[in-house]
Amino acid sequence: MEKNRRGTVWQGAFWLSIGSFVSKLIGAVYRIFLPRVLGDYGVGLFQMAYPLYAVLLAISINGIPTALSKQTAEKISRGDVAGAEALGAWAQVVLGTVGVVLAVAMEMSAPWIARTLFSEPAATLSIRALAPALGFVAIEASFRGYFQGQQEMAPTAMSQILEQIVRVAVMFPMALLLLPRGVVAAAAGATLGAPVGAGLGVGYLFWRRMHHQPRFRLTRPIPVRDLIRLFLVALPMSLSGLLFPLMLLADSMFVPLRLTITGLTMEQATAQFGRLSGEAMPLVNLTMVVGAALAVSLVPAVARSIAGGNRAEAGRRVAVATHLVWLVGLPMSGGLIILAQPLTRLLYGESGASGALEILAIGATVLAIQQILGSSLQAAGHGWIPVKNLVIGAMVKYGLTWWLTAMPGLGIRGAAIGTVIAGIITAYANWRDWKKIVPNPGSLLAGALWPLAGTVLMVIGIQVWLQIGGAMPELLMTATAIFGGMVVYGILMAGVGELGSLTTLWNDR
């Protein structure tokens with residue numbers, strides 16, 4: 001892709017990574033302090049609403065930004081700027097309507113969802129509080145797809161940060177205000193931060209859209225054919241994006257019930273689920289920031305390469321992206337594994353989530369690569385292939401979660417094992433199919449060799465430091481271990497030439 005005022009694909013991925021990382025860092029504030037306000041049971045209620053919400057988004061909305069960015073990029077490459085503008089405007093109207101309908105449906109069916117799907121009627125209020133966010137997020141999806149197709153990633157990054165800031169700013173006052181009425185009401189109050197934050201995110205993106213194209217309007221005739229194609233392209237993208245939401249939904253439905261078989265009460269089991277989804281998973285998500293950003297930023301670039309008949313260029317870009325994920329993701333995973341106990345104690349007051357965190361961290365980098373390969377297959381016009389692989393992974397996830405979680409020696413760690421194995425299987429299947437599309441894609445593991453070696457040495461160094469500094473305050477010991485690990489890994493990667501490639505990538509055309 002030629003370098004232009006919008007920057008290269010790698011610069012776009014950089015800004016998305018920054019936006020996502022800052023957003024998740026801000027989100028870590030509530031992940032750290034919310035358990036101290038609501039307790040594990042309250043966090044479990046808070047988290048129960050989100051898997052269903054994520055599944056509804058993935059089925060109906062989440063494929064739209066990727067599909068819209070793909071079609072926008074294709075139209076611009078053909079010189080049809082007016083067509084790209086018209087498609088973006090009408091997509092916003094259609095998606096807004098779909099989001100409102102979904103929000104109303106979720107609001108009205110909340111009691112049935114809580115009672116039937118989650119076996120926890122107390123989750124009704126949290127589900128209802130979250131429902132309005134569906135409408136706002138639907139409109140956000142269309143705005144983000146439009147900008148991403150223009151290879152402008154900054155609006156998406158800034159909206160993520162703004163949304164998270166507002167969410168946290170609303171969450172804690174509402175939780176504390178409603179806490180005297182009980183933990184159920186307080187959990188619902190905390191959930192209200194999501195729709196308010198999404199609403200502000202929509203306002204910001206609308207302002208950027210008007211600034212980008214002041215003559216923004218709904219042109220006639222309606223581009224019906226383009227809209228139909230948009231939703232047809234988005235359908236497999238939405239389904240293939242269901243991997244993580246379906247895993248979370250499986251956990252929210254199966255984990256508490258299966259944990260009761262081990263002798264826990266439903267309240268204790270819900271608290272355990274809160275540790276898995278509300279404490280361990282957010283930390284693991286930090287290791288996947290770069291992969292998620294690259295997955296989004298690669299779509300228009302790969303689509304243009306494929307449309308221009310340059311499959312080798314598409315393959316090269318995907319190979320570089322997976323290399324970057326190995327380079328950044330492996331040391332973060334290694335750090336989470338070795339520091340799982342002190343991190344969970346410092347952040348949440350106890351280390352109950354450390355076992356699940358250690359297991360999830362093992363597969364975090366592979367899960368990020370699965371995202372990249374799935375998005376690349378979609379951009380290349382093979383959207384149903386990731387869906388097929390997703391179905392295989394989901395079946396593995398469901399089976400392992402049902403079986404392993406009920407084992408007294410595993411508990412929530414069984415659900416974590418299921419997530420990791422399913423992600424590895426799906427990533428391998430995506431890679432196998434990607435090799436059939438592009439010539440000479442190289443080895444998926446080749447880019448992992450030096451990062452893996454550096455990670456092992458870094459982990460050894462951290463372990464030695466933890467033993468030496470055992471008498472230090474835990475906060476100081478953990479902070480210095482993280483900083484020291486970063487320094488050691490950085491020096492090692494610089495020594496073997498890995499960091500030097502980043503400068504070249506920034507200006508890659």
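Got a sec? Which of Thr455, Thr478 is more than 16 Å from Leu324 (Cβ to Cβ), buried (at least 19 other Cβ atoms within 10 Å of the Cβ), touching a residue at least 12 places away in the same chain (Cβ under 8 Å) and of a type in the set (S, T, N, Q)?
Thr478
Do you know which of the residues in segment 251-269 that are buried (at least 23 other Cβ atoms within 10 Å of the Cβ) and at pLDDT below 80 is nearest to Ser119 (Cα to Cα)?
My answer is Ser252.
Which numbered condition trips up Gly381, out of (1) surrounded by fewer than 24 Cβ atoms within 10 Å (Cβ to Cβ); (2) over 30 Å from Ser238 (Cβ atoms)?
Looking at each condition in turn, Gly381 falls short on (2).
Could you list, ordered by first residue, the pairs with Cβ atoms under 8 Å in which the first is in segment 217-235 and in a loop (DSSP other than H, G, I, E, B) and loosely packed, with under 13 Cβ neighbours inside 10 Å and the second is at pLDDT 80 or above and β-branched (Val, Ile, Thr), at least 6 apart or interchain?
Leu218/Val93
Quick test for you: out of Ser126, Ser119, Ser69, pick the one residue that is of a type in the set (S, T, N, Q), on the phi > 0 side of the Ramachandran plot and touching a residue at least 60 places away in the same chain (Cβ under 8 Å). Walk me through how you get there before you give the answer.
Working: Ser126 fails: on the phi > 0 side of the Ramachandran plot; Ser69 fails: on the phi > 0 side of the Ramachandran plot.
Result: Ser119 is the single residue among Ser126, Ser119, Ser69 that is of a type in the set (S, T, N, Q), on the phi > 0 side of the Ramachandran plot and touching a residue at least 60 places away in the same chain (Cβ under 8 Å).
I'd like to check something: does segment 469-477 contain any residue that is within 29 Å of the chain's Cα centre (by Cα) and at pLDDT 90 or above? Outline the logic, then answer.
We begin by selecting, within segment 469-477, every residue within 29 Å of the chain's Cα centre (by Cα); these are 475.
Okay, now just the ones that are also at pLDDT 90 or above, so none.
No, there is no match, as no residue in segment 469-477 is within 29 Å of the chain's Cα centre (by Cα) and at pLDDT 90 or above.
Can you tell me how many residues within segment 204-219 are at pLDDT 75 or above, out of contact with any helix residue (DSSP H, G or I) (no Cβ under 9 Å at 6 or more places or on another chain) and not hydrophobic (A, V, I, L, M, F, W, C)? Show your work before the answer.
Taking segment 204-219 and keeping what is at pLDDT 75 or above, we get 204-211.
Now restrict to residues that are out of contact with any helix residue (DSSP H, G or I) (no Cβ under 9 Å at 6 or more places or on another chain): 207, 210-211.
Subsequent filtering for residues that are not hydrophobic (A, V, I, L, M, F, W, C) retains 211.
Counting residues in segment 204-219 that are at pLDDT 75 or above, out of contact with any helix residue (DSSP H, G or I) (no Cβ under 9 Å at 6 or more places or on another chain) and not hydrophobic (A, V, I, L, M, F, W, C) gives 1.
For the structure I just gave you, tell me whether Thr419 is among the hydroxyl-bearing types (Ser, Thr, Tyr), farther than 25 Å from Ala394 by Cβ and either modelled with pLDDT of 90 or more or part of a helix (DSSP H, G or I) (or both).
Answer is no for this residue.
Return the residue satisfying two criteria in turn: it lies in segment 407-416 and is at pLDDT below 85 and small (Gly, Ala, Ser), and of such residues it is surrounded by the most Cβ atoms within 10 Å (Cβ to Cβ).
Gly411
Given segment 70-168, what helices (runs of 4 or more DSSP H) lie entirely inside it while holding 2 or more residues that are closer than 24 Å to Ser375 by Cα?
Working: elements: 81-108, 124-130, 133-149.
Here the list reads 81-108, 133-149.
Output the number of residues of segment 92-119 satisfying the condition of being surrounded by 24 or more Cβ atoms within 10 Å (Cβ to Cβ) and touching a Pro at 6+ places or on another chain (Cβ under 9 Å).
1
Residues checked against (1) at pLDDT 90 or above; (2) within 29 Å of Gly381 (Cα to Cα); (3) within 26 Å of the chain's Cα centre (by Cα):
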{"site": "Ala429", "(1), (2), (3)": "yes, yes, yes"}
{"site": "Pro451", "(1), (2), (3)": "yes, no, yes"}
{"site": "Gly461", "(1), (2), (3)": "yes, no, no"}
{"site": "Ile491", "(1), (2), (3)": "yes, no, no"}
{"site": "Gly497", "(1), (2), (3)": "no, no, no"}
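Just one of Val387, Val438 is within 19 Å of the chain's Cα centre (by Cα), under 30 Å from Gly308 (Cα atoms) and either β-branched (Val, Ile, Thr) or not assigned by TED's automatic domain parsing to the domain that holds Leu286 (or both); which is it?
Numbers: Val438 fails: within 19 Å of the chain's Cα centre (by Cα).
Matching residue, one of Val387, Val438: Val387.
The values are calculated or read from the model by the stated rules, or taken from the named source; none is laboratory data. Just so you know, these numbers come straight off a predicted model, no measurement behind them. No Cβ is skipped: glycine too gets one built from the backbone with ideal geometry, and neighbour counts run over all protein chains shown.
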